[in-house]
Every structure is written in C-alpha cells, then in structure tokens.
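Okay, structure first, notes after.
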Amino acid sequence: MSIRQQVLFLYLASSALDAPVVAWSEYDGAGEGPTPPVVAHPSAPYATGVDALRDGWRLIQASALNPPTPGHERDLSYLKHEFIFEKLVG
C-alpha cells in the first residue's frame with residue numbers, strides 16, 4: 001500500500017494557532033490527473049489550528065508576520081494568517 005499526502009490550508013483570524021478558522025481548503029493526493037481533488041467541507045473542518053494538530057495533522061508552514069505599511073493598517077487584502085498542515089495516509 002502506498003503512502004499519500006493530504007494537505008490542509010487553514011486561514012486563521014490571527015497569527016495564533018488557537019485563533020478561529022476564517023477560511024480553508026483541503027487537497028487529497030490520492031486523486032488521479034494533474035491536480036489533486038479538493039475535499040469539500042460545508043463548514044470549516046476544524047475550529048482552530050490546534051484542533052487540526054490534535055487530530056493528527058502536522059504543521060509544515062506558517063505565514064511570515066509582516067507589519068503593515070504605515071498608513072495602511074486597515075486596508076483589506078489577502079488572508080495573511082495561513083497555516084499549512086499535512087497528513088500522510090496509507
């Protein structure tokens with residue numbers, strides 16, 4: 001049986017792993033073709049990043065914390081508190 005990778009992107013309300021999830025996406029490496037299938041969740045699969053850790057996901061990357069440019073502290077942009085988790089399954 002081969003090992004495959006599942007990847008979970010969680011965007012949190014702040015840089016703390018116990019902050020609420022505000023957006024997410026999940027990819028399952030078992031799919032065929034050039035792009036792995038997205039796993040659909042009608043609601044967030046976890047309430048926080050810590051919950052994902054408790055369920056066996058391994059944290060592999062967190063976003064760099066960059067201060068906003070002075071005068072642009074309240075500008076809206078991309079979701080900057082991105083955490084990437086992986087799980088290896090057989």
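Every read-out reported here was derived from the displayed coordinates using simple, explicitly stated rules and does not represent laboratory data. Everything numeric here is computed off the predicted structure, so don't read it as measured data. No Cβ is skipped: glycine too gets one built from the backbone with ideal geometry, and neighbour counts run over all protein chains shown.
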Work out, step by step, the length gained on full extension between Val50 and Arg4: first 0.36 nm times the residue separation, then minus their alpha carbon distance; give nm to one decimal. 14.3 nm
Residues in the range 43-71 that a label on Ser15 would reach, taking backbone N under 14 Å of a point 7 Å out along Cα→Cβ: 62-69
Could you give each residue of the range 82-90 its phi-based ³J(HN,Hα) in whole Hz, using Karplus coefficients 6.51, -1.76, 1.60 with θ = phi - 60°, and x for Gly or Pro? 8, 10, 10, 10, 9, 9, 9, 10, x
Could you work out how far apart the two model spin labels at Val89 and Gln61 are, taking each label as a point 7 Å from the Cα in the direction of the beta carbon, and quote it in nm? 2.2
On average, how much area does the Cα convex hull of the chain cover when viewed from any direction, in nm²? 7.1
